[in-house]
1. What is the sum of charges around G89, taking Lys and Arg as +1, Asp and Glu as -1, for the other residues whose C-beta is under 15 Å from the C-beta of G89?
2. Could you work out how far apart the two model spin labels at E62 and K3 are, taking each label as a point 7 Å from the Cα in the direction of the beta carbon, and quote it in nm?
3. Summing +1 for each Lys or Arg and -1 for each Asp or Glu, what net charge is found among the other residues whose Cβ lies under 12 Å from the Cβ of E322?
4. Return the sequence-ordered ³J(HN,Hα) values of segment 275-283 in whole Hz as given by the Karplus equation 6.51 cos²θ - 1.76 cosθ + 1.60 applied to θ = phi - 60°, using x for Gly and Pro.
5. Given R₀ = 22 Å, FRET efficiency for F177-M276 by Cβ-Cβ distance, to 0.05?
6. Using θ = phi - 60° and the Karplus relation 6.51 cos²θ - 1.76 cosθ + 1.60, list the HN-Hα couplings for segment 306-318 in order, rounded to whole Hz, with x at every Gly or Pro.
7. Using 0.36 nm times the number of residues separating D184 and A100, minus their current alpha carbon distance, what extension gain do you get?
8. Please list the non-local residues whose amide H lies under 5 Å from the amide H of V154, H modeled 1.01 Å from N, same-chain partners needing a gap of 5 or more.
Amino acid sequence: MAKRTIVAMPGDGIGKVVLDEAIRVLDAAGFEANYVNGDIGWDYWCKEGDPLPERTIKLLEEHKIGLFGAITSKPKDKAEAELAPELRGKGHVYYSPIVAMRQHFGLDICMRPCKTFKGNPLNFIRRGPNNTIEEPIVDTMIFRQNTEGLYGGVEWTNPPDQVYDALMTHKKFKENFDWCPREDLAVSTRILTRKYSSRIIRAAFEYAKEKGFKGITVCEKPNVVRETSGMMLKIAQEMGKKDYPGIAVWDTNIDAQMMWLTKNPEEYNVVVASNMFGDIISDGFAGLIGGLGFACSAQFSEDGVGVFEPTHGSAPKYADFETSIVNPIAMIMSACMMLDYIGEKEISNKIQKAIAEVVEEGKVQCYDMKKMRGSVDSVKLGAASTTQMADAIIAKL
């Protein structure tokens, strides 16, 4: 059988080292693949004016599957300042390459699992009755709509005539903002469509059905953001009644949900949300199971393109350490999600079992698991390096 080709996109900062370690674990577990490098990230913005070069897009179009490390993003003024001098003033505008990738390929379904590893010293604990200590088991899958909403990129500073005139037709805009000089006005839109809201909600229902969970939770804000959040909730309610009568539909407001995370997180197994709210809630849940060192994700499109990445950033403050100290588990778990997606579940389960054994054993822990401040001295003080953590996982295989 021909080897599958995977587009490996290290990106920036720590993305480069964690991706290398994930591939080493995949090799050790028996997954045979060819890896082709995909250029992406800040370096390519600075020297080419494009953080997602066309050549990388063509690689993903051809091979369909990508493993992605991390990127660095900076505000508009800093992005302009770091652009190569010969490219400045030529109309180049920095736009997040991962957002651009999601929209180009229609990677609208995003899954972010947050699951407790037994023995993880970073697991959430709470006080129970009679001053007891409880460690609830978190087993949550966040379904985040990945291409629309506040991250859709439809926004303006000093909006043009046709946009401003259209906004002025809305009563609320005219009442609340006509005092503001147009050059002092910035507008970002939150656009949701029925098609892609339905796709993410159906994916959440199917997952709940497969896993035997009793319901899904729509985490939005329909009491204030009435049109967009209201549409998502209504779609979920109608779909549940028609196609999934045995699965309940609960709804929470995003602000209240963040409070309830630390009260009863074990009660939320399947959560579905629009783009920004899904981003927020997934980071919140990740904090209960160890933080971003354990936060992995998958995103895929209608036509089979899938990109798998940890949800942490590029952590530039750690990128230049002679010995890398960052936790590679999120990247390795993202690779496991890739294996699940392409039907290599046996290898995925083997790797996940090895990770669970290393975490429970507790002999090898990166600086985050030891609750240390990350520093060049972390390994000397007893923390495992990135490579040592991968070595431990490979040993368990």
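1. -1
2. About 1.6 nm separates the two model spin labels.
3. Around E322, the surrounding residues sum to -1.
4. Whole-Hz 3J(HN,Hα) from phi for segment 275-283: 4, 5, 4, x, 5, 5, 5, 5, 5.
5. FRET efficiency, F177 to M276: 0.55.
6. Per residue, the Karplus-derived 3J(HN,Hα) values read x, 10, 10, 8, x, 8, 6, x, 7, 6, x, 5, 9 Hz.
7. Net length gain for the segment: 27.5 nm.
8. Here the answer is T189, since their amide H atoms fall under 5 Å of that of V154.
Bear in mind these aren't lab numbers, they're just calculated from the coordinates by the rules spelled out. Predicted model only: the values in this text are computed from it and were never measured. Heads up, the Cβs are rebuilt from the backbone with ideal geometry, glycines too, and the neighbour counts pull from every protein chain shown.
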